[in-house]
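The values are calculated or read from the model by the stated rules, or taken from the named source; none is laboratory data. For clarity, every value in this text was computed on a predicted model and none was experimentally measured. Here the Cβ positions follow ideal geometry from the backbone for every residue, glycine too, while neighbour counts run over all protein chains shown.
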Amino acid sequence: MSKITTLNEFILERQADFPFATGELSRILNDIAFASKIVSRDVRQAGLVDHILGAQGGQNVQGEEQQKLDVVADLAFIKAFENGGEVCGIASEENDEYVAFTSETAKNGHYVVLFDPLDGSSNIDVNVSIGTIFSIYRRTSPVGGLANEKDMLQSGDAQVAAGYVLYGSSTMLVYTTGKGVNGFTLDPSIGEFCLSHPDMKMPETGRLYAMNEGNLNIVEPGLVDYIEYCRSNENDKGGPYSGRYIGSLVADFHRNLIKGGIYIYPETTTAPEGRLRLLYECNPLAFIAEQAGGLATSGRKRILDIEPKRLHQRVPFYIGSKQMVEKAMSFLK
Ligand code: AHG
Ligand code: MN
Ligand code: MN
């Protein structure tokens, strides 16, 4: 039997690679793994809660109001960070404002975490893959005080770690600390994430394109031409690409990371900044894409170079295999 490496072992082995090797960042990654196991369990039971337990009038067995899975996930991660003590504050897609933790331990934490607790909300009720996306930064505010908004509004290049959890046919955690990308699959029988995808590299090119083509009439002409190129018999593959759009960014990205492809959520006339969030979705996935040899841009600018102005800022997003993103860019005027 070949040796199994658990996420815990892997994190410890790699701890010396971290910029400030005090073990804090390792503990945050462990907090994330812990929270994601809780979310994974809840996701796996979602159908039961809606269709069987839901018959109790919207309350669970403890008499608590049932909460939407995005809120359940949000709370699971916030609690894990708050209890962990290494994180001084968080910002999440589910909260209007950032949260600065007030305990003395938290105020001495060096990190902030920004996250999308549950990505792909429209897929929750229909049993399709969803995910969690996270991004970790060193705080810029003084240690010992409360986290502030500037801690949250750092450019993607300042990330010290980022990753995602995919609640798919299996649950996977994929992350980077800027030294490559590694993927772990949850073995539910032992409750451990095990290294299954070491040193992930995105193929330089591929033939999968993912975009909500329902928006094709409201995007810029250059993008229409690019999609036409993907569908044509005379593209670089000599035949049409395959369209694949799950509608869960994490799942679409993960597939493209493994098989090669491009994911596009562009600006539209109804959503001039696009739909996806720079801080919770685009920056972390851009960091992973680049670490795996891929690219991520807004169509005009490298995602990781963007200086965020607002917590919930949105940005057009082109991410995937290097050559495919470059090709798409050549169509945008
Ligand atoms: P979230 O569920 O966190 O709000 O994110 C949904 C995102 C993303 O996961 C997905 O790719 C995209 O929105 C789907 O948007 P459309 O339905 O407009 O295609
Ligand atoms: Mn999302
Ligand atoms: Mn979400």
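Working only within the stretch 65-102, note down all residues that are closer than 17 Å to V165 by Cα and of a type in the set (A, V, I, L, M, F, W, C). Correct list: L69, V71, V72, A73, L75, A76, F77, I78, A80, F81.
Can you list the strands (runs of 3 or more DSSP E) lying wholly within the stretch 197-310 that have 3 or more residues being of a type outside the set (S, T, Y)? First the steps, then the outcome.
On the way: elements: 208-210, 261-265, 295-297.
Passing ranges, in order: 261-265.
Using the structure shown, decide if T297 is more than 12 Å from ligand 1 (Cβ to nearest atom), within 18 Å of Q154 (Cα to Cα) and β-branched (V, I, T). When the stated conditions are applied, T297 passes them. Against the numbered list (1) within 16 Å of ligand 3 (Cβ to nearest atom); (2) at pLDDT below 95, K333 comes up short only at (1).
Could you list, in sequence order, the residues of the stretch 109-130 that are of a type in the set (V, I, T) and part of a loop (DSSP other than H, G, I, E, B)? Outline the logic, then answer.
Going through the stretch 109-130, the residues of a type in the set (V, I, T) turn out to be 112-113, 124, 126, 128, 130.
The answer is V128, and nothing else.
Is it the case that S141 is within 16 Å of ligand 2 (Cβ to nearest atom), of a type in the set (G, A, S) and either modelled with pLDDT under 95 or within 25 Å of R314 (Cα to Cα) (or both)? Against the criterion (within 16 Å of ligand 2 (Cβ to nearest atom), of a type in the set (G, A, S) and either modelled with pLDDT under 95 or within 25 Å of R314 (Cα to Cα) (or both)), S141 does not qualify. Within the bounds of the stretch 232-250, is there any residue that is outside the structural domain of S36 (by TED's automatic domain parsing), within 16 Å of ligand 2 (Cβ to nearest atom) and out of contact with any helix residue (DSSP H, G or I) (no Cβ under 7 Å at 6 or more places or on another chain)? Yes, there is a match, as at least one residue in the stretch 232-250 is outside the structural domain of S36 (by TED's automatic domain parsing), within 16 Å of ligand 2 (Cβ to nearest atom) and out of contact with any helix residue (DSSP H, G or I) (no Cβ under 7 Å at 6 or more places or on another chain). Against the test of being touching a Cys at 6+ places or on another chain (Cβ under 7 Å) and at pLDDT 95 or above, the options I303, I288, I319 yield a single qualifying residue, I303.
With the condition kept exactly as written, say whether any residue in the stretch 51-68 is modelled with pLDDT of 90 or more and under 26 Å from L279 (Cβ atoms).
Of all residues in the stretch 51-68, those modelled with pLDDT of 90 or more come to none.
Among the residues of the stretch 51-68, not one is modelled with pLDDT of 90 or more and under 26 Å from L279 (Cβ atoms), which makes the answer no.
A single member of G274, G238, G320, G243 is of a type in the set (G, A, S) and either crowded, with 23+ Cβ neighbours inside 10 Å or in contact (Cβ under 8 Å) with a residue 60 or more places away in the chain (or both), and it is G320.
For the structure I just gave you, tell me whether F193 is touching a Leu at 6+ places or on another chain (Cβ under 6 Å) and surrounded by 15 or more Cβ atoms within 10 Å (Cβ to Cβ). Here the answer is yes, as F193 does meet what is asked.
Exactly one residue among G239, G274, G260 is at pLDDT 95 or above and under 27 Å from N182 (Cβ atoms), and that residue is G260. Among the residues making up the stretch 97-121, those that are within 14 Å of ligand 3 (Cβ to nearest atom) and either without any contact (Cβ under 8 Å) to a residue 40 or more places away in the chain or buried (at least 19 other Cβ atoms within 10 Å of the Cβ) (or both) are L114, F115, D116, P117, L118, D119, G120. When A106, A147 are screened for being away from ligand 2 (no atom under 16 Å from the Cβ) and assigned to a loop (DSSP other than H, G, I, E, B), only A147 passes. Restricting attention to the stretch 131-138, does a residue exist that is modelled with pLDDT of 95 or more, assigned to a strand (DSSP E or B), more than 16 Å from ligand 1 (Cβ to nearest atom) and among the basic types (K, R)? Yes: the stretch 131-138 contains one or more residues that are modelled with pLDDT of 95 or more, assigned to a strand (DSSP E or B), more than 16 Å from ligand 1 (Cβ to nearest atom) and among the basic types (K, R).
Picking from residues in the stretch 311-333 that are in a helix (DSSP H, G or I) and either of a type in the set (D, E, K, R) or within 18 Å of the chain's Cα centre (by Cα) (or both), the one that is farthest from V181 (Cα to Cα) is K327. Among the candidates V219, V250, the residue that is in contact with a Pro (Cβ under 6 Å, 6 or more places away or on another chain) and surrounded by 15 or more Cβ atoms within 10 Å (Cβ to Cβ) is uniquely V219. The residue pairs whose first member lies in the stretch 131-149 and is closer than 30 Å to A46 by Cβ, whose second member is surrounded by fewer than 17 Cβ atoms within 10 Å (Cβ to Cβ), and whose beta carbons are closer than 8 Å, counting only pairs six or more residues apart or on different chains, do not exist in this structure. The residue list I124, I78, I136 contains one member that is more than 16 Å from ligand 2 (Cβ to nearest atom) and surrounded by fewer than 22 Cβ atoms within 10 Å (Cβ to Cβ), which is I78.
Within the stretch 114-138, the set of residues being of a type in the set (F, W, Y) and either within 17 Å of V71 (Cβ to Cβ) or within 11 Å of the chain's Cα centre (by Cα) (or both) comprises F115, F134.
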